[in-house]
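This report refers to the structure that appears directly beneath it.
The values are calculated or read from the model by the stated rules, or taken from the named source; none is laboratory data. The structure presented is a predicted model; accordingly, all values stated were derived computationally and were not measured. Backbone-built Cβ (ideal geometry, glycine too); neighbour counts: all protein chains shown.
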């Protein structure tokens, strides 16, 4: 079994699993309780908060624990919108955002917001000049993903956030795909809010965090007893946030990423050499996550091809809705014709991926698509 779908979810790291086991037995008290059983649970929560803050280069009190990337994105976008209480606020985003950003924005449109959807080039990147031209007196928030989940393209966040600061506009980035792969320190990026999802970097599903720069107005989505500094009500899970903290400690070490990038290029070189006539690379190779390769196999449907790659886990660039296969909206936004977009497959590598696994994947794809190949 070869797992090349790390952008979808990652295996739990052994160190994270060990932290979970300790939290199961030691963190059973309520973190808000003042007695002897609550104190260890509270200590676990705050130690994890410090670990997340250390990864992002911020203060611990700027970290809000959530249930994952979707909640973090919703809290950032809706929280800023509700806190502003401004008539017809304007928000700016890109045409290639994850649904956990685009869907809340469409919801806010129904509440009176106006949304500008910035186009992207063939590589999937926003032009900062387009952002500058889109700004207006009612602009409240800009939200651009740090790196795209499908093609791996890294957005010019530093340049775009600087434009936002010039105009006094808040800036949010969805960093679910970039944490643990490229640097994500908030002051270097220049952003005000940042979302992360634990299961994208070796923590369990069901836990994430939102960075909120001090002084950023944010109305909570969940109201209750005032947990998380009044920004997200609900009893914290020492087990899950401890796991997130352990994963953040691992994610801070990016020394394995050059090796992962070399393996990604080994995968591309192998596919290009052995399926040369029918494979096209998608995204921007110059600005790409080190682990992500999105390819179109001309004349094929990605999902059908994956179904024949027994034992290899990857993702198709299309989805089936009501019996009809639909191309990826991301690839469409990048200007790719539907016929090509339907043939896309995303391979996303992990820290434990090996050269033998890459070579086996290349051989299997070539055996299916190249007439002179055999398994």
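Table for the structure above
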read-out	value
Residue in the stretch 161-170 that is under 19 Å from residue 332 (Cα atoms) and buried (at least 23 other Cβ atoms within 10 Å of the Cβ) present	no
Filter result for residue 358 (buried (at least 21 other Cβ atoms within 10 Å of the Cβ) and either modelled with pLDDT under 90 or not in a strand (DSSP E or B) (or both))	yes
Filtered residues of the stretch 140-154 (kept if within 22 Å of residue 181 (Cβ to Cβ) and either without any contact (Cβ under 8 Å) to a residue 60 or more places away in the chain or part of a loop (DSSP other than H, G, I, E, B) (or both))	144, 145, 146, 148, 149, 150, 151, 152
Qualifying residue in the stretch 254-267 (condition: in a strand (DSSP E or B) and outside the structural domain of residue 18 (by TED's automatic domain parsing))	no
Residue in the stretch 39-50 that is touching a helix residue (DSSP H, G or I) at 6+ places or on another chain (Cβ under 9 Å), outside any helix (DSSP H, G or I), at pLDDT 95 or above and surrounded by fewer than 24 Cβ atoms within 10 Å (Cβ to Cβ) present	no
Extreme residue, surrounded by the most Cβ atoms within 10 Å (Cβ to Cβ), among residues of the stretch 108-139 that are in a helix (DSSP H, G or I) and in contact (Cβ under 8 Å) with a residue 24 or more places away in the chain	131
Close pairs from the stretch 69-97: first assigned by TED's automatic domain parsing to the domain that holds residue 194 and at negative phi, partner assigned to a loop (DSSP other than H, G, I, E, B) and at pLDDT below 95, Cβ under 6 Å, at least 6 apart	none
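Yes/no per residue for (1) buried (at least 20 other Cβ atoms within 10 Å of the Cβ); (2) closer than 22 Å to residue 204 by Cβ; (3) in contact with a strand residue (DSSP E or B) (Cβ under 7 Å, 6 or more places away or on another chain):
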| position | (1), (2), (3) |
| --- | --- |
| 245 | yes, yes, no |
| 266 | no, no, no |
| 271 | yes, no, yes |
| 276 | no, no, no |
